[in-house]
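Colleague: This is the structure I have questions about; it appears just below.
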Amino acid sequence: MATFKDMEDSLKNFMVQEQSDAHNIKSVNMAKYNNIKIWMDLNKYVQPHFFVRVSISEAVFALNDCSKLNGGLGYEERFIIKWYGRMGIKEKLIELWNSASKNKEDK
């Protein structure tokens, strides 16, 4: 089963790779992706979701279709949506949601 750390590493690698193909690679600050954070807060949103924080920006996305529920990441939101569409990402996030939901019920 995937962990949040696995998902964070996957997103970071994806974002770096996507931008390394860009013409503006010299102006991209790759260090800001070292602190990417992904989590879920079952107390804040009942709807299945995931939070993404990049640097000081944060947004929450619906698990079913990656629509933004709140917040904003600026131009980097497009990378989140593209990453979410990759094979297996949605399924891994759903596994994490189900695991978190089960853990909450067990408490």
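The values are calculated or read from the model by the stated rules, or taken from the named source; none is laboratory data. Model, not experiment: these values are computed from the prediction. Neighbour counts run over all protein chains shown; Cβ positions are idealised from the backbone, glycine included.
Colleague: Hey, does the range 39-46 have a residue that's exposed (fewer than 12 other Cβ atoms within 10 Å of the Cβ), modelled with pLDDT under 90 and over 23 Å from Asn70 (Cα atoms)?
Modeller: Within the range 39-46, not a single residue is exposed (fewer than 12 other Cβ atoms within 10 Å of the Cβ), modelled with pLDDT under 90 and over 23 Å from Asn70 (Cα atoms).
Colleague: Right, here's the next one. Do you know which residues across the range 45-62 are over 15 Å from Leu11 (Cβ atoms) and outside any strand (DSSP E or B)? Please lay out each step first, then the result.
Modeller: Step one: filter the range 45-62 for residues over 15 Å from Leu11 (Cβ atoms), giving 45-49, 56, 62.
The answer is Tyr45, Val46, Gln47, Pro48, Ile56.
Colleague: Only residues that are closer than 17 Å to Leu42 by Cα and assigned to a loop (DSSP other than H, G, I, E, B): list them for the range 67-107, please.
Modeller: Of everything in the range 67-107, just one residue is closer than 17 Å to Leu42 by Cα and assigned to a loop (DSSP other than H, G, I, E, B), namely Lys107.
Colleague: Can you name the residue in the range 1-38 that is more than 20 Å from Arg86 (Cβ to Cβ) and not in a helix (DSSP H, G or I) and, of all such residues, is modelled with the lowest pLDDT?
Modeller: Taking the candidates together, the pick is Asn24.
Colleague: Taking the condition of being crowded, with 18+ Cβ neighbours inside 10 Å, out of contact with any Lys or Arg (no Cβ under 9 Å at 6 or more places or on another chain) and without any contact (Cβ under 8 Å) to a residue 60 or more places away in the chain, how many residues in the range 49-101 meet it?
Modeller: Qualifying residue count for the region: 2.
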